[in-house]
1. Accessible area of the range 60-205 with a 1.4 Å probe: how many percent of it is carbon plus sulfur?
2. Quick check on packing: order 136-143, 54-61 by the mean number of other C-beta atoms within 10 Å, highest mean leading.
3. Can you give the accessible area per residue of the range 180-315, in Å², using a 1.4 Å probe?
4. Pairs to check: LYS262/LYS318; LYS11/LYS318; LYS113/LYS262; LYS11/LYS38; LYS11/LYS113. Give those whose C-alpha atoms are more than 24 Å from each other in this structure.
5. Decide, for the range 1-154, between rounded, prolate and oblate: order the square roots of the alpha carbon gyration tensor eigenvalues as a ≥ b ≥ c, take rounded if a/c falls under 1.5, and otherwise choose prolate if a/b is larger than b/c, else oblate.
6. Measuring from centroid to centroid over Cα atoms, what is the spacing of the range 314-332 and the range 234-273 in Å?
7. Once you sort the root eigenvalues of the Cα gyration tensor of the range 65-114 as a ≥ b ≥ c, which label holds: rounded (a/c under 1.5), prolate (a/b larger than b/c) or oblate (the other case)?
8. Say each of ASN138 and GLN22 gets a label point 7 Å from the Cα, pointing the same way as Cα to Cβ; how far apart are those two points in nm?
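The values are calculated or read from the model by the stated rules, or taken from the named source; none is laboratory data. This is a predicted model, so every value here is computed, not measured. We place every Cβ from the backbone using ideal geometry, glycine too, and count neighbours over all the protein chains shown. The protein model used for the area step is the full one, side chains on, heavy atoms only, and it has no ligands, DNA or RNA in it. Shrake-Rupley method; radii C 1.70, N 1.55, O 1.52, S 1.80 Å.
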Amino acid sequence: MRGTAAEQREKQAQDILEWFDQEVLVDRAGDRQWITAKAIQPGDRITVTAGERIPVDGWIVEGNALIDERSLTGEMSPIVCSEGQAVYASTQVMTGKLIVVAQYSGINTRIGKVVDLILSAPVHDTELGVQQAEFVRNAIVPTILFGGAMFALTGNFGAAVSPFQFDFGSGIPISVHTTLLSALTYAARHGIYIRSARTLETLSQIDAIVFDNSELIDRLEIETTIATLQQQGITLYWTSQTDAHSFGIPPDQTCHSDHAFKLVSGLQHHGKTVAVVGSAGSEQANVSIAFDNPSSTADVILMHEDLQGVIEAIAIAKRAMQVVYENTAVIVLPNLLIQIGGGMILGVNPVINVLTNNSSALIAEFVHGARPLFDHRTPTPVKARSSQRASRQTKRSIHCTSSL
């Protein structure tokens with residue numbers, strides 16, 4: 001089952017990569033030409049009609065259409081989009097006709113980031129995984145000694161073999177990896193690119209955020225974001241005392257951008273897990289967050305200029321880690337109950353023990369871990385459909401419509 005699920009994910013990813021190699025007719029500065037979808041550049045215009053898939057992330061400059069986004073977001077209900085709104089690669093036009101100005105193409109699109117995560121599967125670098133592996137290594141010799149002692153004391157094979165049937169070495173890490181990959185791809189499908197499971201894990205622990213004022217612009221909903229983060233107990237810092245005062249951030253939580261590195265270091269010295277939004281001090285941060293630049297090396301990239309993405313990235317991370325701990329409990333508790341209570345004390349047949357540890361792993365990975373991870377307890381990531389949230393990069397490179 002694990003192998004089949006992995007093969008299906010990889011096949012879907014390869015299909016997308018092959019689709020990026022297909023040629024598309026584009027209008028580049030008035031010159032119409034056929035080029036591959038992955039070679040489309042920002043500012044190119046593409047006409048998409050009913051039945052065709054949109055090859056880029058971009059903005060509608062003409063027309064309106066009913067769009068099916070199941071391939072990207074999983075949403076079953078089609079969405080009506082019109083001039084000035086954002087559309088995304090791999091989604092399909094059901095009715096209508098659109099002229100789209102490209103913003104991102106190929107691997108830099110939202111679906112491209114999903115493909116990158118599926119193929120690279122960066123889910124093996126978490127601190128939780130390190131601790132679990134260390135626990136398993138340290139448990140080998142005690143398990144052997146314990147099993148031998150049980151046999152010497154009871155003479156019961158079922159009791160002696162029970163310690164060897166704990167499923168802590170395989171069931172837990174595999175179910176954890178499945179959950180974390182689901183979280184990473186979910187975030188990427190909704191415009192939040194989180195580079196690895198280690199970043200996801202760290203995001204869930206953030207208790208201080210430094211905002212680089214030079215990276216923040218109007219329509220970013222700063223006030224709402226600040227209030228929400230403060231309600232969550234996260235301490236906020238600003239690199240501009242003037243702007244910070246207008247947002248209710250006290251002077252002792254501000255600094256000049258040149259001193260951001262020292263600020264981050266000082267916070268970490270006091271045990272804080274620090275995120276930096278922008279570039280000032282980002283190289284020292286536990287998590288660096290950048291806006292609207294898929295080629296950035298930041299740990300988290302918000303593929304839309306909306307500060308709400310910070311809230312949503314943290315919410316996704318916390319929900320993912322919650323499911324990870326729930327999966328761990330689903331595996332550990334039945335194993336402890338059956339292996340210790342049933343196997344060691346009552347001498348239950350080892351077959352029952354085997355059925356227990358395999359069933360618990362099955363439930364954790366394919367039942368509990370496969371259900372929607374992000375429900376009403378997690379904010380739905382921003383769509384960034386409004387023309388008011390077109391990126392600065394798009395504004396600089398595209399002058400074909402006043403709505404941009």
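1. Looking at the range 60-205 in its full context, I get 61 percent from C and S.
2. 54-61, 136-143
3. Roughly 38 Å² per residue, with all protein chains present.
4. Beyond 24 Å: LYS262/LYS318; LYS11/LYS318; LYS113/LYS262.
5. Since a/c reaches 1.5 and a/b is larger than b/c, the shape of the range 1-154 is classed as prolate.
6. If you average the Cα positions of each part, the centres end up 31 Å apart.
7. Since a/c reaches 1.5 but b/c is at least a/b, the shape of the range 65-114 is classed as oblate.
8. 5.4
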